[in-house]
1. How about region 1-37: which of its residues are free of Cβ contacts under 8 Å to residues at least 40 places away in the same chain, buried (at least 17 other Cβ atoms within 10 Å of the Cβ) and under 16 Å from residue 79 (Cα atoms)?
2. Right, residue 96: in contact with a strand residue (DSSP E or B) (Cβ under 7 Å, 6 or more places away or on another chain), modelled with pLDDT under 95 and not in a helix (DSSP H, G or I) or not?
3. Just to be sure before I move on: is residue 102 at pLDDT below 95 and in contact with a strand residue (DSSP E or B) (Cβ under 9 Å, 6 or more places away or on another chain) in the structure I sent?
4. How many of the residues making up region 59-92 are at positive phi and either touching a residue at least 60 places away in the same chain (Cβ under 8 Å) or touching a strand residue (DSSP E or B) at 6+ places or on another chain (Cβ under 8 Å) (or both)?
5. Out of all the residues in region 47-57, is one or more assigned to a helix (DSSP H, G or I), under 12 Å from the mean Cα position of the chain (by Cα) and under 23 Å from residue 1 (Cα atoms)?
6. Give the residues of region 10-42 that are in contact with a helix residue (DSSP H, G or I) (Cβ under 6 Å, 6 or more places away or on another chain) and either assigned to a loop (DSSP other than H, G, I, E, B) or within 14 Å of residue 80 (Cβ to Cβ) (or both), sorted by residue number.
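The values are calculated or read from the model by the stated rules, or taken from the named source; none is laboratory data. Since this is a predicted model, take the numbers as computed values, not measurements. Neighbour counts run over all protein chains shown; Cβ positions are idealised from the backbone, glycine included.
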């Protein structure tokens, strides 16, 4: 895994900082986690206006064959959007860090 595997990463993003963020959240990053990071970074690079629900739907579609949202919540128990964005170095969309919605970072 190297920086070239993340062409859509935000400026000043690093693999080391991402691993540290995940570790602080109690997550050891494996290949499946890195795939989510790449997917989130790609989605944000291609979309100007980010809607939490649309992003959740996009993740469900992208990872449908690998267990969909159920698998994503196993990987990121704080929520694939909320926790995934934090780990990916991206500002989570409005409404995604909401304890009443079930996604808490």
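1. Correct list: 34 only.
2. yes
3. Answer is no for this residue.
4. If we filter region 59-92 for residues that are at positive phi, which is where we start, we get 67-68, 79, 89.
Retained after the next criterion (residues that are either touching a residue at least 60 places away in the same chain (Cβ under 8 Å) or touching a strand residue (DSSP E or B) at 6+ places or on another chain (Cβ under 8 Å) (or both)): 79, 89.
Adding up the residues that qualify gives 2.
5. Looking through region 47-57, none of the residues is assigned to a helix (DSSP H, G or I), under 12 Å from the mean Cα position of the chain (by Cα) and under 23 Å from residue 1 (Cα atoms).
6. Within region 10-42, 22, 29, 32, 33, 36, 37, 39, 40, 41 qualify.
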